Structure formats: C-alpha cells, structure tokens
Amino acid sequence: MFRRLWQAMMVGFAKSPLMKRVMQSSRSATNLAKKYVGGNDASEALTTAVHLSTENINTSLFYLGEYVNTQKLVSENYAAKQEIVSLLANEKLDIHVSVDPTQLGSNLSWHNGVTNISALTELASKKAGEYPGVHCVMLDMEDYSVNSATIELHDKLKAKGLCVALTLQAYLRNTASVMHDKIIEGAKVRLVKGAFPATSDIAYTTTREIKANYQKLIDIMFSEEAKKAGFYPIIATHDHTLHEYAISIARKNNWQQGSYEFEMLYGARNDVAYELAARKEKIRLYLPFGKDWWPYATRRIGENPSGVFLLLRSLLNK
C-alpha cells in the first residue's frame, strides 16, 4: 500500500510543471541531477559513455524530455535522439538508445509517436549495420494504459527487421504470457520491476510478490527454448539477489557470458555494476542526458523510497 502511494506521489511530482520550474532553477537541487544524469547535452553524454566503455561498461542513452505536449518539444526530443545515434556510431559504440513514447509525440497522438519512433529506429538500424554491437532502440514501458500499444509497436518494427527491443515490467500479472511470445520471436527484452502505480487486478502490489514474479520471469528468460530462439535477456534491476539468481540460472542452463546482460541506472548502484563487470558479466548503464532532469530523477526516487532523504535535502535547500 505504501509503495503504491509513494509511487503515485512521485509520479505527480514528476508531472508538475511548477515543481519542475522550481527545482530545475535551483542550484542546490542540481546535486540531485548530477547523481543521475550523464551530461547536459549529447556531446557531454558521449564523453561519459566513452569513459564508461573503457571500464567495460556499456550504456543505453536516454534524452531527458518526458510528458511533452507540444510539437516543438517533440521535434527537439527527436533531434537530440538523432544526434546521439550518430555520435555513438562515430565512436563505434553500441547504438543503444532508450525511448519513451511520450517523448516523441504519443501525448499528441499515438500515430505521431509511432511515426517518430519508426523513423528513429530506421536511422539506428542503418547506422548499426556498419559495425557489430548490441544495437537497438529500446522501447521504455510507461503506464499500463499504453502497455498493449507499445508491445504492438515493438512487434511491427521487429517484423520489418529493424533493431528494436522492448521493456517489460515484472509487477504486471500478464508479463509472463507476453514474455513467452517475445521468446518465440527471438526478441531482446529488458525486464524491470515497474515504477507506475497500478491496481491489484492487473499488478502485483507488494515488494515480495513483485520479486517472486521477477524470479519466475528469469526462469522463463533463461530457458532452453529462449536460448534456441536467439532471445536476448536483459536483467534490469539493482537487486543484487536477483543478479545472483539470474547468474545461477544462466550457469545451470549453459548460457554463455555475453549472451545476456544486466542493466542498472547511472548513479544508482555503480558499485554493483563495477563488481559485476569485474566478474566478466556484461553490464549496461541507463545513461540519461539533458537539462530537463526533474521528471526523470523524481521517478527514480519513486522506485526506491529510501531516496526520500536525497529529495528532501534538495527541496529544503532550494
């Protein structure tokens, strides 16, 4: 119950134009931004990504611009994502870019978002064909209202042979069924716990339930069927017990290191990321960049109530 209320409150903060203006103009609050953000623009983000690559850490670039409701902002977001795709290609790094449908126009109309995401995926696929790597436009999963539409978009793009991947949420009760479908397709799937509030008829609502379902989904993702289909599991969590569980299942079922990966948020548990990388596991950090950092940072705190102290320190020192 507390978890759902906390998430709902943080999502409300994230969507508040007033809170965003106040916090993003506050010097002291920039400590919150620096913790989770890899640069103010694409050039700075690339510098961070190159540095991380020298330490065997891969990245998924995410331009900060969410809940946009004007064509001007949609165009700015699209241009920033185009730029980072080209910069990554120039450095021969993985072209791995995360996209929220709301960033590229779905708030204006779902068709608008689909058009822009499709064009970005075509560009990324063209650049990706120039050199090997784990390339994709990763479709982030937002709230349940767009769940089915996002899955459908992924499937259409993949059917065209484009480099696209999908995020699924362990807290949703239908994820196991969807996961089986993605395994048959040989998809790339990032599994997260899920940060959006939802009712108990469609979602597991306690931490214990969500973690138990996450483990069941790991079993599915590292099955013999998944390996034969060329499925690519991405375990996206900071829960080290789930990391160890995934590694144990991978070893049991003879999955080679590098045929799957772990993903974490930049700035959240870098110590765990480096520890896993030292063990030769494939690691990727979700690396946001841009000046519009408030919605993103607030939702990150929403995923972990212990972050309330960081939020309060920023609010009280504004």
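The values are calculated or read from the model by the stated rules, or taken from the named source; none is laboratory data. Worth saying up front: this structure is predicted, and the values here are computed from it rather than measured. Here Cβ is always computed from backbone atoms with ideal geometry, including for glycine, and neighbour counts include all displayed protein chains. Keep in mind that these areas ignore ligands, DNA and RNA; they rest on the heavy atoms of the full protein, side chains included. Shrake-Rupley method; radii C 1.70, N 1.55, O 1.52, S 1.80 Å.
Quick notes on this one:
- Counted residue by residue at 0.36 nm each, then reduced by the alpha carbon distance between them, the extension gain from Gln71 to Ala159 reaches 28.8 nm.
- As a fraction of the 1.4 Å probe accessible area of segment 57-112, surface on carbon and sulfur atoms comes out at 49 percent.
- Ranked by how many other beta carbons lie within 10 Å on average, peptides 184-194, 164-174 from highest: 164-174, 184-194
- One equal scatterer on each Cα of segment 199-253, no solvent, Debye formula: the resulting log10 I(q)/I(0) at q = 0.15, 0.17, 0.29 Å⁻¹ is -0.47, -0.58, -1.17.
- With the convex hull drawn over the C-alpha atoms of segment 45-108, the volume per residue is 67 Å³.
- Compactness of segment 22-176, expressed as Rg and Dmax over alpha-carbon positions, Å: 15.9, 47
- Computed over segment 222-282, the ratio Rg/Rh where both radii use C-alpha atoms and Rh is Kirkwood: 0.97
- Ranking of Glu209, Glu83, Glu66 by solvent-accessible surface, largest first: Glu83, Glu209, Glu66 (1.4 Å probe, protein heavy atoms only, all chains present).
- Computed over segment 161-303, the ratio Rg/Rh where both radii use C-alpha atoms and Rh is Kirkwood: 0.96
- Note on Ser109 and Glu275: the model spin-label points, each 7 Å out from Cα along the C-beta direction, lie 5.1 nm apart.
- Once the Cβ-Cβ distance of Thr47 and Lys126 is raised to the sixth power relative to R0 = 41 Å, the FRET efficiency obtained is 0.95.
- Extension gain from Lys34 to Ser200, taking 0.36 nm per residue of separation minus the Cα-Cα distance: 56.2 nm
- Subtracting the Cα-Cα distance of His180 and Asp143 from 0.36 nm times their residue separation leaves 11.2 nm of extension gain.
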